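Asker: Take a look at this one; I'll ask things after.
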Amino acid sequence: MDKNKNIRTVSNSNRKRRKPRVKFNFGVLLIIFILSFSACFALYMVAANMNENFFEDEFNSIIVEENPEDEQEETPEADGDEVSPPEENHVKAQVTNPVPQSAAADYATYFDNCCLITDSTLLEMGEYTSFTDVIGDSSLNAANCTTAKVESNYGTVTIYDTLKLKKPENVYIMLGSDIGVSPTEDMTASYTALIENLTAVLPNMNIYIMQIPPVITDNAPVTNELINTYNEQLLAMANSKNVYCIDTSTALKSVDGNLKEEYWSAEDKKFTEDMYKAVAEYILTHVA
């Protein structure tokens, strides 16, 4: 009897000495994680605010070295077809103006790659010569050439927008019907802006500035002296912008400096067919 009593006493004592089990508390762990993340984020933002180039240093610190061999990937070619290289902008050497006489270009084909921009001066060019790609109207002139809109196959838009869409190989420009009305300084300033815009967007296009023809007789305010002054300004502008200038004015002058009589119809008050043909011939024999 005493032995059993001792056994129970020992057993109860052992149970009292056992350590309590540690219970896992997920909520406490989550709180620790949130506090740790908050502390790291706060330190990160403090460092970013103290260093203006922090993000650039942080994200550009790893430089990936490209394998040069990977850049030389072969482009598949269609059987029998050659892949043309991309067009490169050529650097034009300093031009010589006015354009000197050259061997005559082919009358039947040269104008196929040319476009004429003109005011009322040469609007009928296409009626008498093979230079048929003529864009312009009587409302266009030198002073408004950057803003005036003309109608063509490309819509009713400015000369700049028309040529930007058309992209001709050669463009010939004759503007100056407002001579004696607009100050020559305003005419050349607007003209210069047009040339600058065109050379910027179409650097490979050959631009030929055409000097305007003389008048048959001086009729104030339009005089040949004023026309000569304007043409000199056009030549200077062409040289400064490194574009071509052709002296179509001198080609149409008589010995007294006026327009040759055969180039003017006193009855119709306009240029004759011979005048347009003379201009076309001059263009063909003065190709840069």
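Coordinate-derived values only; no laboratory data. On a predicted model such as this, the values are computed, not experimentally measured, just so you know. With ideal geometry, Cβ positions are generated from the backbone for all residues, glycine too; neighbour counts draw on all protein chains shown.
Asker: Would you mind counting up the charge near residue 216? Only other residues with Cβ under 15 Å from its Cβ, with Lys and Arg at +1 and Asp and Glu at -1.
Answerer: Taking every other residue near residue 216 into account, the sum is -4.
Asker: Of the beta bridges DSSP finds with both residues in region 110-284, what % are antiparallel, to the nearest 5?
Answerer: 35
Asker: Sticking with this one: Quick one: net charge around residue 255, please, counting Lys, Arg +1 and Asp, Glu -1 for every other residue with C-beta under 15 Å from its C-beta.
Answerer: -1
Asker: When the dipole is taken about the Cα centre of region 224-288, and only Lys, Arg (+1) and Asp, Glu (-1) are charged at their Cβ, what size is it in debye, to the nearest 20?
Answerer: 300
Asker: In addition: I need 41, 131 ordered by Cβ neighbour count within 10 Å, fewest first.
Answerer: By the 10 Å Cβ count, ascending, the order reads 41, 131.
Asker: Using θ = phi - 60° and the Karplus curve 6.51 cos²θ - 1.76 cosθ + 1.60, what whole-Hz ³J(HN,Hα) does each residue of region 118-130 get, with Gly and Pro shown as x?
Answerer: Using θ = phi - 60°, the values come out as 8, 8, 5, 4, 10, 4, 8, 4, x, 7, 10, 9, 7 Hz.
Asker: Using alpha carbons only, how many angstrom separate the centre of region 235-281 from the centre of region 92-164?
Answerer: Between the Cα centre of region 235-281 and that of region 92-164, the gap is 15 Å.
Asker: Right, next: Here is the link list: 167/241; 92/164; 164/277; 149/253; 164/241; 166/277. Which ones come out longer than 30 Å on Cα distance?
Answerer: With Cα atoms farther than 30 Å apart: 149/253.
Asker: Counting Lys and Arg as +1 and Asp and Glu as -1, what is the net charge of the other residues whose Cβ lies under 14 Å from the Cβ of residue 139?
Answerer: -3
Asker: Can I ask one more? Would you grab the residues whose amide H sits under 5 Å from the one on residue 152? Only those 5+ places off in sequence or on another chain, please, with H modelled 1.01 Å from N.
Answerer: Long-range HN contacts for residue 152: 157.
Asker: Separate question: Over its Cα atoms, what ratio of radius of gyration to 2.2 N^0.38 Å does region 132-189 give?
Answerer: 1.14
Asker: If you don't mind, there's one more thing I want to ask. Name the residue farthest towards the positive end of the dipole of region 100-253 from the options 216, 122, 162, assuming +1 on Cβ of Lys and Arg, -1 on Cβ of Asp and Glu, about the Cα centre.
Answerer: 162
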